[in-house]
Amino acid sequence: MWAYLSSPRFLRSILPAASLAVLLAAIFYIQPRTMSYFGLKLMLQYAVPIALATIAQMHIITVNDLDLSIGPFVGLTACIGATLLVSTPLLGLLALAACIGVYAGLGALVYWRNLPSIVVTLGMSFVWMGLSVLILPTPGGKAPVWIKAIMGYEFPFIPLPIIAATTIALVVHQGLMHSSYGAVLRGAGGNPKAIGRAGWSLLKSKMLMYALGGFFGVLSGLSLIGLTSAADAHIADRYTLYSIAGVILGGGEFVGGRVSPIGAVLGALTLTLTGSFLIFMKISPDWQIGAQGGILIIVLALRALIKRKEAMS
Amino acid sequence: MSTARSRIVDLKDVTKKFGAVRALVGVNAHVDAGECLGLVGHNGAGKSTLMNVLAGTLSSDDGVITIHGQDLAAHYNVRQAHRNGIRCVFQELSLCPNLTVAENVRVLHTALKGVGWKQRARRLIRDKLEEIFPGHGISTDDVVGDLSIGKRQMVEIARAFTVTTEPLHLVILDEPTSSLDGITAKQLLKHVRKAVSKEQSCILISHLLGEVLDYSDRILVMKDGEVVAERPASEFTRDSLVAKMGTVIEEGSAKVEDPAHKVRGTTPLMVRAQDKYQETGVELLAYKGEIVGLAGLAGSGQTRTLIQIYDAAIKGKRTEKTAVEGPVALIAGDRQTDGIFPLWSISQNVCIRSLKRMVKGWMIDPAQEDAMAEKWKNKIKIKTMNMDDNILSLSGGNQQKALFARALGSDAEIVLMDDPMRGVDIGTKLEVYELIRTEADSGRTFLWNTTEMEELNNCDYVYIFSEGKIVSELARDDLTEEKVLRSSFEKGN
Amino acid sequence: MILKGPALERLFKKPWIWSYLGTLIVWLITVSFTKGQGAGDIITAALSFATFTVIVGLGQMFVITTGPGNIDLSIPANIALSGAVTMKIMDGTNDMLVVGFLVAMGCGLLVGIFNYSLIRILKIPPIIATLSSSFLVLSTAIAYGRGLKVKPPPFLADFTTEMVYGVPMLALVVIGLAFGLSVVLHRTLYGRSVLAIGQNMRAARLAGINVERIRFATYVLSGLLASLCGLALAGFSGGASLNMGEEYLLASIAVVVIGGTSVAGGRANVPGIWGASLFMFLLVTMLNTLGASGGVRLIMTGLIIIAVITAAGGEKQQH
């Protein structure tokens, strides 16, 4: 039993949950009042959009690419949600669907021309930002009532962010880790040649994964305006960095299709909580992103240690 | 169909070119139901290319591919192959390391979907592993990347024999036993015979001639992209196979006379090396001015030993296993991945190893660079108008010459050559042999990994590798092709 | 001067020529729209603003040239940090000018060393290493520089805004810097090693190049240049602000790509960095002049980056 518990494989899989648990325990210790319905709700409010953006990024990372435009993209969908979706719902839905379509197209472009995804998505970040500014030149707009209702819903006993995060994690876990086609999609990141040799279309898998990335990006934007009520083109600029950090904190690897949806959501929660933790520690909010960077480095260092152990055994 | 057995595959005049290299030159071959076809040949003989064509992962340039009596050449692909019951276990593994064993089974079978697919995949592979490799110790939920290389090989083989909705007629096994231990290799070969008895067929490619002789019904020998012999296995012996595979020693390439005839050990010792993983056995020694050959089948540990020597020299570290006395240069065998800088001119490619001595003040002196390029252009006869042209404007042989110039023009006293003549024309080869001999006579030491007998004839002393270890050594006077081949196929201990 | 046929042909084969042609076209459109008004001023402004992009673009170019996967995302944070720290140290007087400069370089050196240590010790991809370190660096800058708007020392302010016959002094200096780095790239052992590693890391190692030492030097170089940019930018804009580095993350990568440097590594292009930086600025100016809104400007910029990379193609497969 001990052998299993100290095996690198187990340690690796438990790391994301352990990071979150340590952070949460520290918060509860410093500020016991947070151990309540409203305490948790308040601290984890923004966990839902961040978790969704992280899941979006994870889909792109699964096929060995990286999306540097997810932040501005979430911003754009938030802007669409707070304007078109309210004034002309049908047009709003069409616009959001078109965004997902563009994502699928990007996947195809990256695959056909063998382009570095970093540069392509970098270019797209300008495009998304530009579209946001066109749609909503100044901060404002108004979130649809139904989205606000969903995001403001109060479940008994367990706060909404926890239920939402759990649902997201389980649904994506089911789809990507347990469905039969999910195995093929992850395989396309692990060994594309093998997937090609087994007769699958790599183009299709790349397009689908990009489209899923776009889909969760849309959800992230909509859930975000459900919390903020209004939108702004720059509302989610930080999300690019958050989403990458979340995937890595969640145990995902940059290449090789080794990702974990549950881990990614845990990573997103960890990032969200860092802010509260620093406030309770009475550390200036100036250090918030620094602390996030620090946590990222510590987790990566732990992972490097586990890997070394793995290499030795 | 002339025979009673039904014919699964019939290949007629299949050709395949990679750029200027003709990998397959009109191959004719067939496989009948219920037989095991052995396929042997040296590296680069075209075996793997042929199998890729048959598996649908490479398309042939020309020729007829008839499967179950249907001509499919025009639109043959992996899906077609699977639909017709043809599967292939490739030499480099085709499993996804991030997926579990069961998930990798799913990747091969389109039918494994819907509710309960994972259960079905687990059962499928568990049963097959039990059947082929009893006592395998693999769990169907293990992530493949966490398995040892041998276990991965077992999974891949077992996967190829699993059946869902698509039929299974022919399994191609490309060096299937290369990462299996003795016992599991036996289990596999036994299974091959069992499959054959059930009217399934196998193609067995192996460098272990014993395996092929014992377990195949019929053997094809390939050489230079052609089938050079085809007979029932019982009509071959190990020696007759080796003879068919072997390169005919051409006149003029017989053992090169060495007028000086150095006595080994009279000059200083330059390199001492023993394989990292080798506990005991022969130690590689190279004395100043010697050309030392590293022989054996490709991938038997020669390259690893050369890299080990190179690293030791670069880091200036002397370990128990390796000692190098002097600067080294390495000439890579795989030009594209280990040698050439494809964006650079010939001149830049030649000079990179020697730039340090061309630095004046802070900067590289272009005059010295040009001088070196010009000198070696003439000395080694690189066929180009302008050394400032891109390196890729040269033919393969001349690119290799540029790499020789890079090493020989450097300050290296020890030159490591990792099968550098692969795919080089005979004229170029003879010129380079001459040059190596001259350089050795003037005091340079050469370590030469080669699979060609002709090149070993240029060596003063030869070490033979098998399965990662040096199994024997031969002085120049004792060197014969037969001895080299015999040791190459020896089981290393 | 009329170029002869072959010379012209060779000129057109240079990958950087397109960025200058683009610059010229964009400028001509702008000028024709304003009927020649302010033709010279536009160039002066372009030179002024492009200068900063060039400084960080050069560093990013060296990093990207060392091969696939290499990238420095810590540039904006680094700019913010060195700007904040040096302004505070110099405290608006000329006395501490040299110390301030050295401190700025020290910041760059430290960030470079830190980036590379993360890559090397934690064995993580450069993108994650520089991203994580940028979090820390930015936080340091925020904590150190909050509420701080110290005016730059007069000398620095003058130097960064000085004009020589309508040409910004700083631009001349950075043209010199670019020229110097071009020499470093093509004529020194270090530069050749960078180019070799970017083309084929394995072959470079086997040709006797100390790959890790070169990568280390490259991340440090990028750090130094980002800090230099932070210093100059603070001088130019009358003091450091914490978000002044923000736009340079995307800009530094964009000018490398548009300037004809290969994203697959091994081929760098110094003149292209200048051409692309001018082009990017003038493109915005043109769209402004034509009355395009901010949104359209951003969209055009993005589409041009994607068009350029698509036209350049993926070249070689990543191993």
Practice problem: Within the stretch A:40-109, list the chymotrypsin sites (Phe, Trp or Tyr not before Pro) lying in a DSSP loop whose Cβ has at most 15 other Cβ atoms in a 10 Å radius. | Solution: none
Quiz item: What is the mean number of Cβ atoms from other protein chains located within 10 Å of the Cβ atom of each residue in peptide C:303-312, rounded to a whole number?
Solution: 5
Quiz item: Calculated FRET efficiency, residue B:334 and residue B:66, Cβ-Cβ r, R0 30 Å, to nearest 0.05?
Solution: 0.25
Self-check item: C-alpha long axis of helix B:117-132 to longest principal axis of chain B, angle in °
Solution: 70 degrees
Quiz item: Translational D (Stokes-Einstein, µm²/s) of the stretch B:395-438 at 25 °C and 0.890 mPa s when Rh comes from the Kirkwood sum over C-alpha pairs?
Solution: 226 µm²/s
Quiz item: Hey, got the average number of other protein chain Cβ atoms within 10 angstrom for residues in B:143-150?
Solution: 2
Exercise. Quantify how much of the Cα-Cα distance distribution of the protein assembly as shown extends past 63 Å, in percent.
Key: 14 percent
Quiz item: Given H placed 1.01 Å from N in the peptide plane, which residues other than close sequence neighbours of residue B:228 have an amide H under 5 Å from its amide H?
Solution: B:221, B:222, B:223
Exercise. Quick one: order B:359, B:155, A:127 by neighbouring beta-carbon count within 10 Å, fewest to most.
Key: B:359, A:127, B:155
Quiz item: Can you give the three extents of the C-alpha atoms in chain B along their principal axes, from longest to shortest, in whole Å?
Solution: 72, 49, 48
Quiz item: Which of the trypsin sites (Lys or Arg not before Pro) found in the stretch B:379-448 are in a DSSP loop and have at most 16 neighbouring Cβ atoms, other than their own, within 10 Å?
Solution: B:381, B:383
Quiz item: For the stretch A:155-284, what is the charge dipole size about the Cα centre, in debye to the nearest 20, if Lys and Arg each add +1 at the Cβ and Asp and Glu each add -1 at the Cβ?
Solution: 460 debye
Practice problem: Work out from phi, with θ = phi - 60° and the Karplus expression 6.51 cos²θ - 1.76 cosθ + 1.60, the ³J(HN,Hα) of each residue of the stretch A:262-270, listed in order in whole Hz, and give x for Gly and Pro. | Solution: 4, x, 4, 5, 4, x, 5, 4, 4
Exercise. Quick one: among A:260, A:179, A:220, which has the greatest mean-square fluctuation in a GNM of chain A with alpha-carbon springs under 10 angstrom?
Key: A:179
Quiz item: Charges only on Cβ, +1 for Lys and Arg, -1 for Asp and Glu: so what's the dipole of chain C about the Cα centre, in debye to the nearest 20?
Solution: 920 debye
Quiz item: Averaged over A:185-197, how many beta carbons belonging to a partner chain fall within 10 Å of each residue's beta carbon?
Solution: 6
Quiz item: Under the classification rounded if a/c is under 1.5, otherwise prolate if a/b is larger than b/c and oblate if not, where does the stretch B:285-357 fall, given a ≥ b ≥ c as square roots of the Cα gyration tensor eigenvalues?
Solution: oblate
Quiz item: Rounded to the nearest 5, what % of the DSSP beta bridges within chain B are antiparallel ones?
Solution: 50 percent
Quiz item: How big is the gap, in Å, between the Cα center of the stretch C:1-71 and the Cα center of the stretch B:422-493?
Solution: 56 Å
Exercise. Compute the normalised compactness of the stretch A:5-82: alpha-carbon radius of gyration over 2.2 N^0.38 Å, N being the residue count.
Key: 1.47
Exercise. Name the most mobile residue of C:256, C:63, C:98, meaning the one with the largest mean-square fluctuation, in a Gaussian network model of chain C with Cα contacts below 10 Å.
Key: C:98
Quiz item: Any idea which of C:56, C:152, C:125 is furthest toward the positive side of the dipole for the stretch C:37-167, if Lys and Arg beta-carbons carry +1 and Asp and Glu beta-carbons -1?
Solution: C:125
Practice problem: Go through B:409, B:298, B:163 and say which Cα lies farthest out towards the positive end of the charge dipole of chain B; charges sit on Cβ, +1 for Lys and Arg, -1 for Asp and Glu. | Solution: B:163
Quiz item: Hey, can you rank A:274-283, B:157-166 by average C-beta count inside 10 Å, highest first?
Solution: B:157-166, A:274-283
Practice problem: Using a Förster distance of 45 angstrom, determine the FRET efficiency expected from the C-beta separation of residue B:363 and residue B:224, and round it to 0.05. | Solution: 0.40
Self-check item: Phi-based couplings in Hz for the stretch A:118-131 (Karplus 6.51, -1.76, 1.60; Gly and Pro marked x)
Solution: 4, 6, 4, 6, 4, x, 5, 4, 5, 4, 4, 4, x, 4
Exercise. Quickly work out the residue B:370-to-residue C:202 label distance, labels modelled 7 Å from Cα along the C-beta direction, and quote it in nm with one decimal.
Key: 3.6 nm
Quiz prompt | Kirkwood hydrodynamic radius over Cα pairs of chain A, then Stokes diffusion coefficient at 4 °C and 1.567 mPa s, in µm²/s | solution = 65 µm²/s
Quiz prompt | Sparsely packed trypsin sites (Lys or Arg not before Pro) within the stretch C:219-319, loop by DSSP, other Cβ within 10 Å at most 16 | solution = C:316
Exercise. Rank C:26, C:270, C:56 by mean-square fluctuation in a GNM of chain C with C-alpha springs under 10 angstrom and give only the top-ranked residue.
Key: C:26
Exercise. Treating only the Cβ atoms of Lys and Arg (+1) and Asp and Glu (-1) as charged, compute the dipole magnitude of the protein assembly as shown about its Cα centre; round to the nearest 20 debye.
Key: 2200 debye
Exercise. For each of B:285, A:222, count neighbouring Cβ atoms within 10 Å of the residue's Cβ, then give the residues from fewest to most.
Key: B:285, A:222
Quiz prompt | Whether the stretch C:210-254 is rounded, prolate or oblate, judged on the alpha carbon gyration tensor where a/c under 1.5 counts as rounded | solution = prolate
Self-check item: Listed residues A:167, B:191, C:175: farthest to the positive end of the dipole of the protein assembly as shown (Cβ charges)
Solution: A:167
Quiz item: For the stretch A:163-255, what is the largest minus smallest coordinate of the Cα atoms on each principal axis, given in angstrom and ordered from greatest to least?
Solution: 49, 27, 23
Quiz item: What is the distance, in nm, between label points placed 7 Å from the Cα along the Cα-to-Cβ direction at residue C:247 and at residue C:307?
Solution: 2.1 nm
Quiz item: Computed from the mean reciprocal separation of all distinct C-alpha pairs, what Kirkwood hydrodynamic radius does the stretch C:179-222 have, in Å?
Solution: 10.4 Å
Exercise. Please report, in whole Å, how far the alpha carbons of the stretch B:75-172 spread along each principal axis, starting with the longest.
Key: 39, 33, 25
Practice problem: Quick one: which residues, 5+ away or cross-chain, put their amide H under 5 Å from the amide H of residue C:188? H built at 1.01 Å from N. | Solution: B:364
Quiz item: Quick one: what does P(r) look like for chain C with 20 Å bins over all Cα pairs, in whole %?
Solution: 32, 58, 10
Quiz item: What pairs in B:223/B:381; B:356/B:377; B:288/B:356; B:47/B:194 have C-alpha atoms more than 27 Å from each other?
Solution: B:223/B:381
Self-check item: the protein assembly as shown - share of DSSP beta bridges that are antiparallel (%, nearest 5)
Solution: 55 percent
Practice problem: Which order do the peptides B:465-471, A:267-273 take when ranked by the mean count of other beta-carbon atoms within 10 Å per residue, highest first? | Solution: A:267-273, B:465-471
Self-check item: Spacing of the two label points (7 Å from each Cα toward its C-beta) at residue C:211 and residue C:151, in nm
Solution: 5.3 nm
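Quick note: the coordinates plus some simple rules give every number you see, no bench work behind them. Keep in mind that this is a model prediction, so the values were computed, not measured. No Cβ is skipped: glycine too gets one built from the backbone with ideal geometry, and neighbour counts run over all protein chains shown.
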